[in-house]
Amino acid sequence: GEVIRAERLGKTYAEGKLHTPVFDGLDFHVDAGETVAILGASGAGKSTLLHLLGGLDTPTSGEVYVAGQKMSALSDAARGQLRNRALGFVYQFHHLLPEFTALENAMLPVLLGGSGVPEASSRAKALLESVGLGHRLEHKPGELSGGERQRAAVARALVNRPACVLGDEPTGNLDEKTAATVFELMLELNRAQRTSLVLVTHDRRLARRLDRVLELHDGKLRQVARDEV
Ligand code: ADP
Ligand code: ADP
């Protein structure tokens, strides 16, 4: 089945240039276990689309369904719960809480989901070990390298076994070698957990590795053929 579905999605920022829509009437879906790349020039609306799919912003028109639930029909609290349970986010900057250790950061989504500390701790530990951070559990973000911080962010995104991970240039701030390592790790964990992935990226070499490649251009989402990527 589909984990995310967007129908006739439109977004116009009230403060935007001449109130021009970023896009209008976009249709999008991602199937269970499917990996989808979204390419597009800077300013094309990739982040906007990802925010709408993740329920972090409200569309001007159209509907988003996450795990079959209509986002606009939910209260803010219910939308937050659904987001925490069904989606994982990884951004260009790690957004880990600086005062908390890697372990505590990775435990938070589990605690927010209503589980107790023992459950949160054991799941967070297992995931941090699987991203190669078993020896960094008690380190705070400031004591980790850039690659380690992104790997901790990946662990946090996956700890609730979400249906889909939404990645906005998750390796965009890393050097090429570290970026490749983090990307491979994300693909490997996604496959192992059968988690879907929607990845916004500038990097066509990364995009080529995913099941489907789309390009956002002039407010339209078009499928890019494999040999064109
Ligand atoms: P991309 O991620 O492809 O670089 P964005 O989604 O960030 O594109 O931006 C798409 C367009 O919307 C750009 O023209 C940008 O300036 C505008 N935009 C993005 N966020 C806002 C905002 N909060 N308020 C007004 N305009 C915005
Ligand atoms: P990675 O390939 O994961 O980015 P590095 O080779 O950059 O790792 O770093 C190796 C070690 O050096 C890390 O485990 C970390 O302890 C330390 N380190 C690297 N960069 C930083 C930093 N900016 N702040 C604190 N410690 C760092």
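Tabulated data for the structure shown
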{"read-out": "Semi-axes of the equivalent ellipsoid for region 78-127, Cα gyration tensor, largest first, Å", "value": "17, 16, 9"}
{"read-out": "Value at 222 nm in deg cm²/dmol, rounded to 500, when DSSP H runs of n ≥ 4 in the chain each add -39,500 (n - 2.57)", "value": "-10500 deg cm²/dmol"}
{"read-out": "Pairwise label distance in nanometres, R194 with A41, each label 7 Å out on the Cα-Cβ vector", "value": "4.1 nm"}
{"read-out": "Extended-chain gain in nm, criterion 0.36 nm per residue less alpha-carbon gap, T181 and H95", "value": "29.0 nm"}
{"read-out": "DSSP beta bridge pairing in the chain, given as percent antiparallel to the nearest 5", "value": "50 percent"}
{"read-out": "Residue-level accessible surface for S121, protein heavy atoms, 1.4 Å, Å²", "value": "20 Å²"}
{"read-out": "Simple spin-label estimate for E119 and D218 in nanometres, 7 Å along Cα-Cβ", "value": "5.1 nm"}
{"read-out": "Accessible area of the chain belonging to carbon and sulfur atoms, whole % at 1.4 Å probe", "value": "50 percent"}
{"read-out": "Kirkwood estimate for the chain, i.e. one over the average of 1/r between Cα atoms, Å", "value": "18.0 Å"}
{"read-out": "Count of lysine pairs in the chain with Cα separation under 25 Å (8 or more residues apart, or interchain)", "value": "11"}
{"read-out": "Euclidean distance of C-alpha centroids, region 166-196 and region 10-77, integer Å", "value": "22 Å"}
{"read-out": "Gained length - S72 relative to H202, 0.36 nm times residue gap less alpha-carbon distance", "value": "43.8 nm"}
{"read-out": "Over the chain, relative contact order from alpha-carbon pairs under 8 Å, at least 6 apart, %", "value": "28 percent"}
{"read-out": "Whole-percent pair-distance distribution, where bins are 10 Å wide, for the alpha carbons of region 150-226", "value": "17, 52, 27, 4"}
{"read-out": "Relative compactness, region 41-163, computed as alpha-carbon Rg over 2.2 N^0.38 Å", "value": "1.14"}
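The values are calculated or read from the model by the stated rules, or taken from the named source; none is laboratory data. Quick caveat: nothing in here was measured; it's all calculated off a predicted structure. Every residue, glycine among them, receives a Cβ derived from its backbone with ideal geometry; neighbour counts consider all protein chains shown. What goes into the accessible areas is simple: the full protein's heavy atoms, side chains included, and nothing from ligands, DNA or RNA. Shrake-Rupley method; radii C 1.70, N 1.55, O 1.52, S 1.80 Å.
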